Structure formats: C-alpha cells, structure tokens
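Note sheet for the following structure.
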Amino acid sequence: MSELEPGQVVQVPWGLDLLKGVVLRTYDTGRGLKVVVNVEVPDLHGSNIEEVSVTLPADSVRPWEEGSGPRPGDWAHAYAYERNLTAEIIRVISRVAPDARASISESQVDRGHDFDLSLEYEGNEVHLRGVVKHATRTIAPESLKKALSLAQSPLSPVALFSNVDLSSAARRLLHLEGNPNFHWIKWGGKMDSDRLASELAEIFEIPQRG
C-alpha cells in the first residue's frame, strides 16, 4: 500500500481474518515502512471494544471496505472458540502425556499465527505455531494458503485448527502441497477431543497408550 495517512481506516490482518483499525502514524525503519494502527478488538460478548495499538509492515494493511470484515457477533464466537480450544489442548496433552509440561502464549499479531504451544517432554522442548480459523462454512483455499505459507519456515510445525471441514478445493491444495511441517486439525467441541489428542500426540511424537 503506497500512502497511509493518520486517521485512515484500514483492514488489519489478525490471524487469518481482518479487523478494523485506524492509522496512528507511519515511520521508515530503513528496512521498510512500518505503520502503527489502533485496532478495534471486540470482547467475548461482542458488546465492548478494546482498542489495541499494533505495529505492522505498511504493505500488510489495506483500506477498509464495508462488508469486508466479520459480521456483527462473529468475533465473539471466534474468540470463545479460541479460548475453549486452547484450554482443551492443554487438557488433552495432560491426558496423553501426564509428565509433560505444556504452555500456550498468544503470538504477536504480525507473525501470522494466533498462539505458540510449547511442550517440555522427556528432556526435550518442542514448539507448535497454532492458527485458529472459526467459520460458519468450509475453509476455503485462500485461508489454507495463508497457513501453508507459514509452514514454509522450518522454525516449528504449523497447525491450522478449525471448527469446520476444508472445502474440496482446499483439500486438493493440501494434498498437492504435501508439506510435512503443516497439520490441519478439526475441533468442533468435546466430541472431537479424542481426535485432537491423537493428532497432537502424533505431532509431538508422544507414544499412544494401549
């Protein structure tokens, strides 16, 4: 994006989705233009807005277009989903690996993923970058591409957690990419927790109990 002005309303990438923000200022780091944006983050109930200032590469934001963001109430559901998911991840890890120490921390917004999962197990510390996508329909290829692009980095595996299935086009893309550093895990609630436990045990190479 070429010219950003203080007070301009923009779309801010937040995980795989977008939030509305207002430009506060821009500055040149010598390695590219940065923009400081005041972002509107709805709370769990969608009734209050928390304003959070973040710094992003200027080319990662776009002018806000009405209808481009989430529908009213979507963020309350998405926030609740992520909270329940991360709590369940800790719970199922403690079940499949009682001696492991697991912790989840929120990721910086400009890193493209939502949380970092750290696991200390049998003297080793391993990490997983988690991307959360809550949707009302199937996950489209566009969202999958963003998560797959993160997995190009060998830093740590990437897992996309969603409450819905991948679309047929997204499944084809996932099959074509075949990236061993990327995992997709569907978790729609407690009924999927056995699968969640199994998938995480495989990623972290935790032996399954008989």
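The values are calculated or read from the model by the stated rules, or taken from the named source; none is laboratory data. Since this is a predicted model, take the numbers as computed values, not measurements. Virtual Cβ from ideal backbone geometry, glycine too; neighbours counted across all protein chains shown. Remember, those area values only see protein heavy atoms, side chains included, never the ligands or the DNA or RNA. Shrake-Rupley method; radii C 1.70, N 1.55, O 1.52, S 1.80 Å.
Here are the numbers for the structure shown:
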| quantity | calculated |
| --- | --- |
| Filter result (farther than 18 Å from TYR79 by Cβ and either among the aliphatic types (A, V, I, L, M) or not in a loop (DSSP other than H, G, I, E, B) (or both)) within the range 118-138 | SER118, LEU119, GLU120, TYR121, ASN124, GLU125, VAL126, HIS127, LEU128, ARG129 |
| Any pair with Cβ under 8 angstrom, 6 or more apart, that starts in the range 178-193 at a residue that is in contact (Cβ under 8 Å) with a residue 12 or more places away in the chain and basic (Lys, Arg) and ends at one that is part of a loop (DSSP other than H, G, I, E, B) and open to solvent by 50 Å² or more (accessible area, probe 1.4 Å) | LYS186/ASP165 |
| Residue among PHE161, PHE182, PHE204 that is crowded, with 19+ Cβ neighbours inside 10 Å and either over 20 Å from GLU82 (Cβ atoms) or in contact with a Ser or Thr (Cβ under 7 Å, 6 or more places away or on another chain) (or both) | PHE204 |
| Sole residue being closer than 26 Å to ALA58 by Cα and touching a Phe, Trp or Tyr at 6+ places or on another chain (Cβ under 6 Å), chosen from LEU160, LEU150, LEU196, LEU155 | LEU160 |
| Leading residue by the ranking (modelled with the lowest pLDDT) among those in the range 1-31 that are hydroxyl-bearing (Ser, Thr, Tyr) and outside any strand (DSSP E or B) | SER2 |
| Enumeration of residues in the range 17-36 that are within 15 Å of ASP59 (Cα to Cα) and touching a residue at least 40 places away in the same chain (Cβ under 8 Å) | LEU18, GLY21 |
| Residue check, SER118 at pLDDT 90 or above, touching a His at 6+ places or on another chain (Cβ under 6 Å) and within 23 Å of ILE203 (Cα to Cα) | yes |
| The range 146-157, subset open to solvent by 40 Å² or more (accessible area, probe 1.4 Å) and within 13 Å of the chain's Cα centre (by Cα), residue modelled with the highest pLDDT | SER149 |
| Residue in the range 175-198 that is farthest from PRO141 (Cα to Cα), counting only those that are of a type in the set (Lys, Arg) and at pLDDT 90 or above | ARG195 |
| Test set (1) at pLDDT below 80; (2) open to solvent by 50 Å² or more (accessible area, probe 1.4 Å) - GLY69 fails condition number | (2) |
